[in-house]
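Asker: Pasting in a structure now, in structure tokens, and then I'll have a few things to ask.
The values are calculated or read from the model by the stated rules, or taken from the named source; none is laboratory data. Note that the structure is a prediction, hence the values are computed from the model and not measured. Don't worry about glycine lacking a Cβ; one is built from the backbone with ideal geometry, like all the others, and counts go over all protein chains shown. Areas reflect the complete protein model, heavy atoms only, side chains present, ligands, DNA and RNA absent. Shrake-Rupley method; radii C 1.70, N 1.55, O 1.52, S 1.80 Å.
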Amino acid sequence: MNVSVLGLGQMGSAIAERLVGAGHDVSVWNRSTGKADALVAMGAFLLRDPAEAWDRSDVCITMVADSRALADLALAAEGGLARAVQGKGKTLIDMSTVSETVSRDVAAEAGSSGVGYLRAPVSGNPGVVRAGNLTIVASGEEEVFTSSQGLLRDIGPHVFYAGAGDAARVIKLALNLMVAGTAELLAECIALAESHDVRRDTLLEIVGASAVASPLVKYKIGPLLADDYESTFSSRLMRKDLDLVLESAAAGGVPLPITAVVHQLLQACISTGLGELDFMSLLIRLQREAGQATT
Ligand code: NA7
């Protein structure tokens with residue numbers, strides 16, 4: 001299939017690699033230069049600008065940082081992807097984590113120009129994508145999902161259809177509040193144990209074999225043993241996701257007290273220079289507060 005991938009950050013690059021590996025004819029674009037080089041070397045075509053995506057492909061995937069970025073790409077007065085002049089047969093799949101508000105604006109534009117629009121946010125980091133284990137939650141018109149699901153399965157095997165509209169956005173946010181909360185609890189588990197001189201490798205071996213050993217906890221054990229906080233997903237982006245969670249909770253009239261605290265703790269990470277590290281840098285923040293810090 002001819003498919004374009006716009007946004008070659010950590011996730012977009014990994015997704016484009018999967019599609020090239022699956023034999024698709026992949027075109028790519030990124031706002032800043034350089035990030036496409038590895039993909040072009042693998043055989044991807046480098047687009048001059050986002051609008052060129054519709055000249056080369058019937059399906060265009062966006063994977064960008066936030067709501068503003070999606071609005072810039074999809075709703076731009078000139079060349080906005082949701083405003084393709086000849087949209088018939090074209091499908092826009094957005095895999096970013098963005099607000100329901102922007103997503104609805106994109107849906108309205110796409111609908112009025114005949115572009116099919118699927119919301120397909122993901123759960124997983126770039127390593128999970130490359131391992132072929134990504135979870136994708138899609139929503140939108142069922143026929144758009146049906147025609148896109150083969151492509152989505154080439155990105156990740158766990159593809160769910162959540163229904164019409166922006167259901168997938170809500171589910172993704174609900175999942176991410178669990179991810180962020182789990183990271184803080186794991187940090188607290190380690191800080192407590194180390195305050196009593198328990199070895200981290202001993203602790204994490206036991207945690208990893210226990211009832212709380214979710215796949216997420218298991219992914220984090222290796223980096224935590226190495227004190228490696230290279231970002232799989234940054235504290236900055238995780239706080240951005242929790243901004244959206246709290247916005248969505250306010251709209252739904254639901255108090256989320258734990259999430260509100262974790263949101264503030266991620267902000268503290270960002271304010272103290274940890275924003276570009278992995279969200280597991282919640283542990284560094286806690287160690288500093290506990291007087292355990294080595295960094
Ligand atoms: P990264 O690695 O921070 O990548 C973000 C991407 O978004 C990157 O390609 C950026 O381009 C792009 N971006 C940011 N702002 C814009 C605007 N205004 N216009 C076009 N492109 C933009 O994030 P991840 O890949 O880890 O995460 C992506 C999404 O998945 C995010 O929603 C997460 O919540 C989940 P740049 O290279 O900076 O020019």
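Asker: Cβ-Cβ under 9 Å, sequence separation 6+ or interchain: first residue in the range 33-57 and closer than 20 Å to L151 by Cα, partner open to solvent by less than 40 Å² (accessible area, probe 1.4 Å) and basic (K, R). Which pairs?
Answerer: Short answer, once both residue conditions are applied: W54/K90; S57/K90.
Asker: Follow-up. Hey, does the range 98-110 have a residue that's touching a strand residue (DSSP E or B) at 6+ places or on another chain (Cβ under 6 Å), more than 22 Å from S13 (Cα to Cα) and at pLDDT below 95?
Answerer: yes
Asker: Based on this model, can you work out whether G222 counts as open to solvent by 40 Å² or more (accessible area, probe 1.4 Å) and outside any helix (DSSP H, G or I)?
Answerer: Taking the combined requirement at face value, the residue does not satisfy it.
Asker: Let me ask another. Is it true that some residue in the range 208-218 is within 20 Å of the chain's Cα centre (by Cα) and open to solvent by less than 30 Å² (accessible area, probe 1.4 Å)? Lay out the reasoning, then the answer.
Answerer: The initial filter retains those residues of the range 208-218 that are within 20 Å of the chain's Cα centre (by Cα), namely 214-218.
Pick out the ones that are also open to solvent by less than 30 Å² (accessible area, probe 1.4 Å) and you get 217.
Yes, the range 208-218 has at least one match.
Asker: Out of L244, L265, which single residue is part of a helix (DSSP H, G or I), on the phi < 0 side of the Ramachandran plot and within 16 Å of the chain's Cα centre (by Cα)?
Answerer: Exactly one of L244, L265 is part of a helix (DSSP H, G or I), on the phi < 0 side of the Ramachandran plot and within 16 Å of the chain's Cα centre (by Cα), namely L244.
Per-residue answers, yes or no, for (1) open to solvent by 30 Å² or more (accessible area, probe 1.4 Å); (2) within 15 Å of the ligand (Cβ to nearest atom); (3) assigned to a loop (DSSP other than H, G, I, E, B):
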site: V5; (1), (2), (3): no, yes, no
site: L8; (1), (2), (3): no, yes, yes
site: S13; (1), (2), (3): no, yes, no
site: E17; (1), (2), (3): yes, yes, no
site: V26; (1), (2), (3): no, no, no
site: G43; (1), (2), (3): yes, no, yes
site: A51; (1), (2), (3): yes, yes, no
site: A65; (1), (2), (3): yes, yes, yes
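Asker: Might you let me know whether the range 127-147 holds any residue that is outside any helix (DSSP H, G or I), within 13 Å of the ligand (Cβ to nearest atom) and open to solvent by 30 Å² or more (accessible area, probe 1.4 Å)?
Answerer: Within the range 127-147, one or more residues are outside any helix (DSSP H, G or I), within 13 Å of the ligand (Cβ to nearest atom) and open to solvent by 30 Å² or more (accessible area, probe 1.4 Å).
Asker: Separate question: Restricting to the range 53-63, give me the number of residues that are of a type in the set (V, I, T) and within 12 Å of the ligand (Cβ to nearest atom).
Answerer: 2
Asker: Sticking with this structure for a sec: Only one residue in L73, L92 is touching a helix residue (DSSP H, G or I) at 6+ places or on another chain (Cβ under 6 Å), buried (at least 21 other Cβ atoms within 10 Å of the Cβ), part of a helix (DSSP H, G or I) and not β-branched (V, I, T), so which one is that? Break it down into steps so the answer makes sense when it comes.
Answerer: Details: L92 fails: part of a helix (DSSP H, G or I).
After applying the criteria, what remains is L73.
Asker: Take the conditions within 12 Å of the ligand (Cβ to nearest atom), assigned to a strand (DSSP E or B) and within 24 Å of L175 (Cβ to Cβ) and apply them to V98. Does it pass?
Answerer: No.
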